Amino acid sequence: MYETIAFYLFSALTIGLFLITVMSKNVLYAMTSLAAGMVLISGFFFILGADFLGVVQLIVYVGAIMALYSFAMMFFDATRDIKEKNTNSGLVFLLGGLSALVLVMIFAAPIHSDAVQALYPMHEGVGNAQDVGIVLFTKYLVPFEVAAVMLLVAMIAGIILAGKKMDQSLTEDASADDEILIQKDAK
Amino acid sequence: MLQPINVSLESLNLITLAPMLVAIAGGLIILVLDLINSKLHKTLYVMLTLLILFIDFGAVLGLNVNERGFFDVMLIDGVSIISQLMIIVASMLFIPLSLTSKRFHEYSYPEFFALFLFMIAGFQFMVTSDNLILIFVGLETASLALYTLIALHNRSNSFEAAVKYFTMGALSAGFYAMGSAVIYGLTGSIELYKVAAVLSLRMDEASIMIAIFGASVLLLTAFAFKLSLFPFHTWAPDVYEGASAPLAGYMSVVPKVAAFVVSIRIFGMYIDLGIEWVRIIILVLAVGTMTLANIMALVQEDVKRMLAYSSISHAGFIMAALALDTTEGTTAIFLYYALFMFTNLGAFAMLWISRHKVRRFSDRYDNPYEKFAGLINIMPMGAVIMALFMLSLAGVPPFSVFWGKIYVMQAAVNSGYVWLAIVMGLNSAIAAYYYLKLIVFMFLKEPVKSVDTVYYNLSKPLMAVIGLATVATIGAIFYIQPLISYIYYMISASGY
């Protein structure tokens, strides 16, 4: 009973908040409603009993991604309304609607059958995080470690692209000699 | 409470991880060396990278075919061994190209070589798994490193190229993740052999086709971006133009080999399940790619952009072989890339030796055709070698790419696609025009008098790499038969 009420409440609120995100002309409103929508999505995970994923949703989307967006937003004037240039709003509406419809159909199709079985079923009386941890550190240890390498690559890439002498070219400049030659020829 | 888990070390089969660990450890060694002494010359890093690649090569050769390791996440089959060997050989050809006689921005960073090794490890993870998560993580590791390698060239158009490639890559990563999610929702597994088992049981269900359609279209879009297939090819010429010439040549081979391996695993599975329209979509993409890229290549004014479109068209050729899904077709994919690798890297290396900091011949392009006018008078040997590469790319016998083309066509005819072989033949004829255009410029035109062409980048290591590529291009007739039988043996051993 309570779960049903909570589900419909969360659904209505999430859809409403994301509508504000899309429709609002003010960046600040859009960002805030996006963050609130993300928080409410984690509510669905908690209803389904996936508390680990719910917490991950909160940390990753609300904590990390929204913080990144807010930092990016600080470079702009957030109080001003955005002037949108939709030359052909009918076409945008049609294409957006069609792709949304296709996505909903794709994801709804497998629900029709119940042949999906959990590969790593939950153990009774054991917390969600323990079960996830066991799968993550046995079966998925290699992808987990490769993800660490990926983060290392991203960190190195960020540091050298932003920090180390990228504002000056270390490529040997032969054009200076060439220009002298050309001027000599002209004389 | 949960039971403690006992895993025996033998069951992990850790040797399957050895090649990637060599590359990753090599990258870390380079980073640490730079921390200890930041004044080391780039020659040391080049040689160290080469050494690590040699060890990596040996580690791959030491693997047994058809083994799984680490809870079945790692999969060593013939396809993965061949593709790893090709990736490493192409990298060994690429790295010495940094030993130019002039200094370039990217090679003054030791991180360039570390990122390069991490990228190779990423590609190796990508090809040695049929677990969609590991494929994704490997692909992203490699791609992130590659974007940075492009941007390190440090010109405005290489930043443009890196950002374009990054945006397109992020989009395709999104498509890939969505496609994998649909597959998971459909079958409850992300390991392709289990997915195939579940799907084959559920093929007669009514609503399943639309979900399979969704999954395969999303995944096909993701890989069409990575393989630069029409209509997702638009990024490729700009990115190739902005990247340094050797990196552009490298990008037209190695990331595509890795993406083709994953495509073989995923779409080969769909075609094996009897889903015929996947084959039709791939054939339409392939024919569109080879034809339209050829027509676009005809009107290019820049040799590098022409080579970019030509490599897109070659990717279309190979995609057609993927649609056949026979052992011969899959062999053709690897044979084609093994031969194309040397010729294409050689052609891009020839552009590299004439790289200038400023654009001398045109405001817009680095390598316009005029730059190569009358090359036979300025640099006779270079002109002849470049002409050899062009003839090989055009598919003139007995040079290397001819054998790849003839093998693809043979595979097409043998599986009953005669029209496909005819389309390929016609496309080779169109392609000959733009390759010959460069030869005409080099041999028959007078050099542009007002600016002199200076090939100042030339050095002994570059000459060695170009010489090796030339030998591989001309001597294809001598090694083609053993190469085919080795690849065919490996492919059939892994059941494709």
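Here B:196, B:215 are screened, and the one residue that is within 11 Å of chain A (Cβ to nearest Cβ), under 30 Å from the mean Cα position of the chain (by Cα) and in a helix (DSSP H, G or I) is B:215.
Is it fair to say residue B:262 is buried (at least 18 other Cβ atoms within 10 Å of the Cβ) and either over 23 Å from residue B:73 (Cα atoms) or at pLDDT 90 or above (or both)? Here the answer is yes, as residue B:262 does meet what is asked. Pairs meeting the criteria (first residue in region A:95-121 and more than 7 Å from every other protein chain (Cβ to nearest Cβ) and farther than 10 Å from residue B:186 by Cβ, second residue surrounded by 12 or more Cβ atoms within 10 Å (Cβ to Cβ) and modelled with pLDDT of 75 or more, beta carbons under 7 Å, at least 6 apart or on different chains) are A:120/A:135. Of the residues that make up region B:65-72, is at least one within 24 Å of residue B:342 (Cα to Cα) and of a type outside the set (D, E, K, R)? The answer is no, given that none of the residues of region B:65-72 is within 24 Å of residue B:342 (Cα to Cα) and of a type outside the set (D, E, K, R). As for region B:453-465, it holds no residue that is more than 30 Å from residue B:95 (Cα to Cα) and either touching a residue at least 24 places away in the same chain (Cβ under 8 Å) or not hydrophobic (A, V, I, L, M, F, W, C) (or both). Each residue in region B:228-244 was checked for being surrounded by fewer than 24 Cβ atoms within 10 Å (Cβ to Cβ) and closer than 28 Å to residue B:117 by Cβ, and 3 of them qualify. Screening residue B:6 with (1) in a helix (DSSP H, G or I); (2) of a type outside the set (Phe, Trp, Tyr); (3) more than 21 Å from the chain's Cα centre (by Cα) gives one miss only, at (1).
As a summary of the residue check, residue B:154 satisfies the conditions (1) in a helix (DSSP H, G or I); (2) over 24 Å from residue B:496 (Cβ atoms); (3) not small (Gly, Ala, Ser) except for the one numbered (1).
State yes or no: is residue B:346 surrounded by fewer than 23 Cβ atoms within 10 Å (Cβ to Cβ) and either under 29 Å from the mean Cα position of the chain (by Cα) or under 30 Å from residue B:318 (Cα atoms) (or both)? No; evaluated as a whole, the condition is false for this residue. Among the residues of region B:51-72, those that are under 20 Å from the mean Cα position of the chain (by Cα) and surrounded by 15 or more Cβ atoms within 10 Å (Cβ to Cβ) comprise B:53, B:56, B:57, B:60. Cβ-Cβ distances below 9 Å connect the following pairs, each with a first residue in region B:434-447 that is assigned to a helix (DSSP H, G or I), a second residue that is among the acidic types (Asp, Glu), and a separation of six or more residues or different chains: B:441/B:370. Scanning region A:14-23 for residues that are buried (at least 16 other Cβ atoms within 10 Å of the Cβ) and closer than 30 Å to residue A:130 by Cβ turns up at least one hit.
Here residue B:406 clears all of (1) buried (at least 22 other Cβ atoms within 10 Å of the Cβ); (2) more than 19 Å from residue B:298 (Cα to Cα) except the condition numbered (1).
You will find that of B:178, B:92, B:126, B:119, the residue that is in a helix (DSSP H, G or I), surrounded by fewer than 24 Cβ atoms within 10 Å (Cβ to Cβ) and within 12 Å of another protein chain (Cβ to nearest Cβ) is B:178 and no other. Contact map, region B:392-418: first residue without any contact (Cβ under 8 Å) to a residue 24 or more places away in the chain, second residue part of a helix (DSSP H, G or I), Cβ cut-off under 6 Å, separation 6 or more or different chains; pairs are B:409/B:421; B:409/B:424; B:413/B:421.
Screening the candidates B:263, B:244, B:228 for the property of being in contact (Cβ under 8 Å) with a residue 12 or more places away in the chain and at positive phi yields one hit, B:228. Just one of the numbered conditions (1) more than 10 Å from every other protein chain (Cβ to nearest Cβ); (2) part of a helix (DSSP H, G or I); (3) closer than 21 Å to residue B:91 by Cα; (4) in contact with a strand residue (DSSP E or B) (Cβ under 8 Å, 6 or more places away or on another chain) is not true of residue B:15: (3). Take residue B:140 and decide whether it is facing another protein chain (nearest Cβ under 7 Å) and either charged (D, E, K, R) or in contact with a strand residue (DSSP E or B) (Cβ under 6 Å, 6 or more places away or on another chain) (or both). Criteria met by residue B:140.
For region B:59-72, the criterion of a residue being among the charged types (D, E, K, R), more than 19 Å from residue B:142 (Cα to Cα) and within 14 Å of chain A (Cβ to nearest Cβ) is satisfied by at least one position.
Look at (1) in a helix (DSSP H, G or I); (2) at pLDDT below 90; (3) in contact with a helix residue (DSSP H, G or I) (Cβ under 7 Å, 6 or more places away or on another chain) and you find that residue B:300 fails only one, number (1).
Would you be able to say whether some residue in region B:450-460 is aromatic (Phe, Trp, Tyr), in a helix (DSSP H, G or I) and surrounded by 14 or more Cβ atoms within 10 Å (Cβ to Cβ)? Within region B:450-460 (the criterion being aromatic (Phe, Trp, Tyr), in a helix (DSSP H, G or I) and surrounded by 14 or more Cβ atoms within 10 Å (Cβ to Cβ)), the answer is no, since none of the residues qualifies. Among the residues that make up region B:354-364, is at least one of them assigned to a strand (DSSP E or B) and touching a residue at least 40 places away in the same chain (Cβ under 8 Å)? No - not one qualifying residue is present in region B:354-364. Go through region B:147-165 and give me each residue that's under 21 Å from residue B:258 (Cα atoms), within 10 Å of chain A (Cβ to nearest Cβ) and not hydroxyl-bearing (Ser, Thr, Tyr). Scanning region B:147-165 gives B:149, B:162. Just wondering, is there one or more residues in region B:7-16 that are acidic (Asp, Glu), surrounded by fewer than 22 Cβ atoms within 10 Å (Cβ to Cβ) and within 30 Å of residue A:134 (Cβ to Cβ)? Yes, some residue in region B:7-16 is acidic (Asp, Glu), surrounded by fewer than 22 Cβ atoms within 10 Å (Cβ to Cβ) and within 30 Å of residue A:134 (Cβ to Cβ).
The values are calculated or read from the model by the stated rules, or taken from the named source; none is laboratory data. Bear in mind the structure is a predicted one, so any value in this text is a computation, not a measurement. So basically every Cβ, Gly included, is an ideal-geometry build from the backbone, and we count neighbours across all protein chains shown.
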